[in-house]
1. Among the listed residues A:ALA9, A:ALA59, which satisfies the condition of being within 14 Å of chain B (Cβ to nearest Cβ), open to solvent by less than 50 Å² (accessible area, probe 1.4 Å) and at pLDDT 95 or above?
2. For the list (1) touching a residue at least 24 places away in the same chain (Cβ under 8 Å); (2) away from ligand 2 (no atom under 13 Å from the Cβ), I need the number of the one condition that A:GLY72 fails.
3. Of A:PRO105, A:PRO97, which residue is more than 13 Å from ligand 2 (Cβ to nearest atom), open to solvent by 70 Å² or more (accessible area, probe 1.4 Å) and away from every other protein chain (no Cβ under 14 Å)?
4. So how many residues does segment A:16-25 have that are open to solvent by 30 Å² or more (accessible area, probe 1.4 Å), facing chain B (nearest Cβ under 7 Å) and in a helix (DSSP H, G or I)?
5. Which one of B:VAL374, B:VAL362 is buried (at least 17 other Cβ atoms within 10 Å of the Cβ), free of Cβ contacts under 8 Å to residues at least 40 places away in the same chain and more than 24 Å from B:ALA125 (Cα to Cα)?
6. For the structure I just gave you, tell me whether A:GLU62 is in a loop (DSSP other than H, G, I, E, B) and not hydroxyl-bearing (Ser, Thr, Tyr).
7. Give B:ALA243, B:ALA273, B:ALA239 a once-over and let me know the one that is within 14 Å of chain A (Cβ to nearest Cβ) and over 30 Å from B:VAL191 (Cα atoms).
8. Which count do you get for residues in segment A:66-94 that are open to solvent by 80 Å² or more (accessible area, probe 1.4 Å) and in a loop (DSSP other than H, G, I, E, B)?
Amino acid sequence: MSSEGSLPAYYEIPPGGAILEPGSSLKYKTGSWRVLRPIINQDKCVRCRLCWVYCPDAAILELDEEYVTSKGRRYKITYKVNYDYCKGCGVCARECPVNAIEMVPEPIGGEE
Amino acid sequence: MAVAAEERLHVERKKPRPLSTNSAIAHAVKDLDVDVVAAYPITPQTTVVEKIAEFIADGELEAEMVHVESEHSALSATVAAALTGARAFTATASQGLELMHEILHIASGLRAPIVMSVAMRALSAPISIWNDHSDVMNARDTGWIIFFVSSAQEAYDTVIQGYRIAEDSDVLLPVMVAYDGYVMSHTMEPVVTEDRDSVLAYAPKRSFPYKLDPEKPVTLGALADPDWYYEIKYQIVEAMRRALGKAREADEEFGRRFGRKYGLVECYMCEDAKSLIVAASSYAATLKAVLPRAWEEGVKVGLLRLRLYRPFPEDLVVDALSRVDSVLVIDRAISYGAPYQGPLANEFSGLILKHGLGVNLVSVVAGIGQRRMVDDDFLKLARLAWEARTVRKPETIFYGVRK
Ligand code: SF4
Ligand code: SF4
């Protein structure tokens, strides 16, 4: 977000705060809210997609990336977290049926 | 001259029919070709939407009637309909208006141009189905344009004016048309209705400019953080200011087309009056019948009828006040624990201070829960207003309460 001086005056905002540009929420990086970071253990993950379904911020990415586990199992897709938007709520970790997601504290005052 | 004669003919041709204020409002909704009505029954409003349902069933109005499980949902559905570009209407009273309270702010915040009629009724507890103004007074700071009307005809006309004002792109605010429950809602009066073409020519449908449309996606009702919220609420302050001029213009144009106009306030027997009574809705109508008797005994009191309440027609009220020595404000609601316990009296007190007017103010609370007020009571109030020119009455008078 821009600094206060460059924000529009009341008459420059559409009435009632209507947002006329689709998808503008992409500009709002909710990742800055996060105090706990979900880390997906790719070896444990069974690719069930539940985290992708439950994430309230659509911050779980389903990628066409191949992955071979340490035991040799081959997956065509990989789930990753989009840390720009993941706000660290922990819903994914809670819902994951095989406990493949761990919530790890972000370093205090630290960057990603 | 020819034009005047023609106008008179035009007005004379229309025959009034007997309608209650509730029926008159339903007729206005039909003649405005409203698209969506969402409502939940509550007395004394119910017959408004019953009549509308009849019009729809008889094919006289093509509209979607949404049956909902509460007034909270009724107004929610009405707001949503308006935001899709439909002309939307709802009606309520009393507890219903209270249950809508959250959505009242959302309607104005989202700038939904809807019109709602309110058959004013007291609030529980104790339960009272009778009339006072507590419901609307509790809604006065919700960003709605508020009219108080005094007759069934004025209710019909004001609902029509309401859409012209609400849907104006310089306004985009919801409008409440309030009238006294039972005393007006269920009382027959002669009412002239207009044909739909003339009504729509006066108030053409101008749908919400940022309406929900899959072809042109918009987001309405998004979160506004501290950098944005204040400006979006301030827009309502400015829209209210513009609404004042638009309401005046809507009334004048209505007068030109249909031969009836009301003004934003009405001053009755104000010429040579040394004192004023401020009243709204049916009390104003009763006072018109009573004041000539007061003048006969030398009590020169005029009536200032508040028709438009929000935005407040400050200039007109100040002009009326500047010509008298005292003003008696009748409140039909109680502001518990306030300096004056009449909410309107507090506003008049502020106005007198703001404009440095040398007017003695009398605050009177009356007719709570429809406590009976007959002609002689109004005559007493007129004498009280008259007395107040020389005697200060610093405390709110709770007229008619058993002490
Ligand atoms: S922590 Fe919450 S926001 Fe982040 S990926 Fe998991 S569910 Fe989504
Ligand atoms: S919920 Fe767990 S197992 Fe399922 S895809 Fe997400 S991380 Fe993998």
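1. Numbers: A:ALA59 fails: within 14 Å of chain B (Cβ to nearest Cβ).
On inspection, the qualifying residue turns out to be A:ALA9.
2. Tallying (1) touching a residue at least 24 places away in the same chain (Cβ under 8 Å); (2) away from ligand 2 (no atom under 13 Å from the Cβ), A:GLY72 fails exactly one: (1).
3. On the way: A:PRO97 fails: more than 13 Å from ligand 2 (Cβ to nearest atom).
None of the other options fit; the residue is A:PRO105.
4. Count: 0.
5. Values: B:VAL374 fails: buried (at least 17 other Cβ atoms within 10 Å of the Cβ).
Unique residue meeting the criteria: B:VAL362.
6. Numbers: in a loop (DSSP other than H, G, I, E, B): no; not hydroxyl-bearing (Ser, Thr, Tyr): yes.
Answer is no for this residue.
7. Details: B:ALA243 fails: over 30 Å from B:VAL191 (Cα atoms); B:ALA273 fails: within 14 Å of chain A (Cβ to nearest Cβ).
Result of the check over B:ALA243, B:ALA273, B:ALA239: B:ALA239.
8. Filtering segment A:66-94 down to residues open to solvent by 80 Å² or more (accessible area, probe 1.4 Å) leaves A:66, A:70-71, A:73-74, A:76, A:80, A:94.
Keeping just the survivors that are in a loop (DSSP other than H, G, I, E, B) gives A:66, A:70-71, A:73, A:76.
Qualifying residue count for the region: 5.
The values are calculated or read from the model by the stated rules, or taken from the named source; none is laboratory data. Computed from a prediction, not measured in an experiment: that's the story for all the values here. In this analysis, Cβ positions are derived from the backbone assuming ideal geometry, glycine residues included, and neighbour counts consider all displayed protein chains. For the accessible areas, the whole protein counts, side chains as well, though only heavy atoms, and no ligand, DNA or RNA atoms are used. Shrake-Rupley method; radii C 1.70, N 1.55, O 1.52, S 1.80 Å.
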